[in-house]
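Comments concern the structure below.
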Ligand code: PHE
Ligand code: ZN
């Protein structure tokens, strides 16, 4: 074990800080390789038993430290420095030197393109100065930024600009003050040259807020959608939750080098440019959607995250689960609620269920953490949001709002826990949520088994529900949870009324009886995906069809459809069958007929379940058989309905591109048609024409994806054209790289090699790395899971290189390789071999070490 790989921290060991910092003044003298940071903090002892002040610090050069003006010696610790026997109250001055240009981990202060920027969540501030780098230490910040006037005309930090001026040698400075105390993870600074878009928002109470969006030079025309999204989010939060913005200025800066999606720094959000820039030619409908949702997410953090923040990092879901839930509600209001929900269900099933059954399984409030960056997970974020959604379901719209009001007013300005949140919900609604709290401490995906019987003579429908959570890597014993199980009962004949209800499952086993069910019912379980669980229910194709046709809940209809198709795929895979069951064919015939009436929902229904979704339905999978079966069904459906796909595709063509709901839905369906058409002989001309006449990236990408999935020679031809047109555009080139990396063909490893020696490839740019290696590892199933293990070896070779540059990104990319339990023994063995190589590597980061060690 190297020095990087320290022990895990435990939630149970939490201790309140011994000192507080009421105010901090920071001065940055920005230089590429040697930036001087002066930090002057007002420190107070809050626990008289704690005599020494220990500060966190990483990769800092300490130039000097003064206590009340007297230079003082410090001792080094594993985490940073220790000051022994400090006074009860004092001024602490620290000077450090840091090197932004050579900071490729992209934490702390670094350069993205020509601009200086910071990323401090979770523990990046300790790379800027020695400090109490923990969220329960909240201070008021004043920040002076000094830089070259020509290189960095804009000097930004949190809060309000209070003064600025010129300095010697062509430099200038700006002084910012943030009136709201905050943890250091919300600190931000940006200095660089940008184009600026400006707008205004008048809050509910009539205050004027300046909105400023900073983008790379030449990108102004791609910023409007982000700015419009921000205004929508601001209005929505006022209307939905009564939450108003609190500063006079709100700034967003787009940068090309960023580890995550975006960051909610107070008044100065920093964004991955991917979630800011869009125009019809270069961005897809999905990009437009993502931008709106990420802009909203970061904005919503202003209350759920910033004004009320986390006590410690184990509580991360307090702000992330809640804020994801809020951005999901927002997206549902802005776009199609059904489609938004279906896509969230996909994320849960494809990624979260996999995490929860793998070596990194953890509750939404983890109990043990080695490297915090590893816990910005689908579990903390997306399952966290599902837990909040269940509260919303249990308490109702109004009850939830009452709970939110109580939470915000009770804890404004504080750093609190998930328990505090649930307590506010309980108190505002006088409800007992003690059983529900188990969702915060228990990991794993509960399975609900259903036994269902309808008695025609008594007209009773009886449902026996049993819940069981299989043991996970981190927890052997599981308790029953409080699970809201929404159900819909529809008459199989389609004649008569259906019924919808939310059942409260609180015990391990429970019986529910419905009276007056006069006609044979079909039951849709977990409508709206009312809980993050799996359902084990043997329904019949006839009943599933009734749900698809007659249920009112779109998620249930889609789900039944996916289930029917999944069953067919598994049947083909198991029997190695040349014959395909009839029911998917009948189903598709019906769906295609109705496609025009609900294009968006039907597009989702016509899309075959992904490999990852299929994999989640079995304990063991045969990769080759499953891929083969899925492919076989796809080809069959493509050929059987080739005339319909073609007709529908032609009918769906849109006038000039606009990001507008009706158009988006038609484009989505038209893309699905193309994906089937590409499996048929006669499609070349259609694809070529579609590419040629497309006036937008959504349609263009649909053509390229269809060609890629079917390995058509046309793919290479179009990709060359595409590259020629877009080689100077980083965001579009990410799509180009991803299309190549995702192509499943025998030579895919040499393709990857070529991509990485491409002039536009850089290991320092996370977006680029993700588009090549991320796409390969997560979505190139055939290539990654090659039987001879060469896919695993390829990823491992790369991880060893990447880990030395950017451990955070490396640790994300390893995900598909540690979730191997469902694979055959041969593949498992090949994976373990590679994990061992990593494990034995001497200077492996803590990020990778934690995952590898758990996976072995
Ligand atoms: N807090 C950010 C968000 O979810 C995510 C993030 C975490 C960004 C850590 C950077 C580093 O909005
Ligand atoms: Zn967030």
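The values are calculated or read from the model by the stated rules, or taken from the named source; none is laboratory data. Values in this document were obtained by computation on a predicted structure and should not be read as measured data. Every residue, glycine among them, receives a Cβ derived from its backbone with ideal geometry; neighbour counts consider all protein chains shown.
Quick notes
- Odd one out for residue 255 among (1) touching a residue at least 12 places away in the same chain (Cβ under 8 Å); (2) away from ligand 1 (no atom under 11 Å from the Cβ); (3) surrounded by fewer than 24 Cβ atoms within 10 Å (Cβ to Cβ): (3)
- Odd one out for residue 372 among (1) within 11 Å of ligand 1 (Cβ to nearest atom); (2) surrounded by 21 or more Cβ atoms within 10 Å (Cβ to Cβ): (2)
- When the range 261-271 is filtered for residues that are touching a strand residue (DSSP E or B) at 6+ places or on another chain (Cβ under 7 Å) and within 13 Å of ligand 2 (Cβ to nearest atom), the ones remaining, listed by number, are 261, 262, 263, 269, 270, 271.
- Filter pass, residue 734 being surrounded by fewer than 17 Cβ atoms within 10 Å (Cβ to Cβ) and farther than 23 Å from residue 608 by Cα: no
- Residues satisfying the stated conditions in the range 216-234, i.e. over 23 Å from the mean Cα position of the chain (by Cα) and under 29 Å from residue 122 (Cα atoms): 216
- Qualifying residues in the range 232-252 (those that are within 25 Å of residue 405 (Cα to Cα) and part of a strand (DSSP E or B)) - the one nearest to ligand 1 (Cβ to nearest atom): 250
- Only one of the numbered conditions (1) closer than 28 Å to residue 538 by Cβ; (2) in contact (Cβ under 8 Å) with a residue 24 or more places away in the chain is violated by residue 631, and that is (2).
- Qualifying residue in the range 270-292 (condition: within 11 Å of ligand 1 (Cβ to nearest atom) and either modelled with pLDDT under 95 or on the phi > 0 side of the Ramachandran plot (or both)): no
- For the range 293-329, a residue qualifies if it is away from ligand 1 (no atom under 11 Å from the Cβ), over 16 Å from the mean Cα position of the chain (by Cα) and in a helix (DSSP H, G or I), and the qualifying residues are 314, 315.
- The criterion of at least 3 residues that are buried (at least 19 other Cβ atoms within 10 Å of the Cβ) is met by the following helices (runs of 4 or more DSSP H) wholly inside the range 381-456: 384-411, 418-429.
- Among the conditions (1) over 29 Å from the mean Cα position of the chain (by Cα); (2) surrounded by fewer than 20 Cβ atoms within 10 Å (Cβ to Cβ), the only one that residue 709 does not satisfy is (1).
- Within the option set 614, 627, 636, being more than 23 Å from the chain's Cα centre (by Cα), closer than 29 Å to residue 287 by Cα and in a helix (DSSP H, G or I) holds for one residue only, 627.
- Residue match in the range 278-291 (condition: within 11 Å of ligand 2 (Cβ to nearest atom), touching a helix residue (DSSP H, G or I) at 6+ places or on another chain (Cβ under 8 Å) and within 29 Å of residue 662 (Cβ to Cβ)): no
- Scope the range 230-250; condition touching a strand residue (DSSP E or B) at 6+ places or on another chain (Cβ under 9 Å) and free of Cβ contacts under 8 Å to residues at least 60 places away in the same chain; matching residues: 231, 235, 245, 250
- Apart from one condition, residue 365 fits all of (1) in contact (Cβ under 8 Å) with a residue 40 or more places away in the chain; (2) within 16 Å of ligand 2 (Cβ to nearest atom); (3) in a helix (DSSP H, G or I); (4) more than 25 Å from residue 817 (Cβ to Cβ); the exception is (3).
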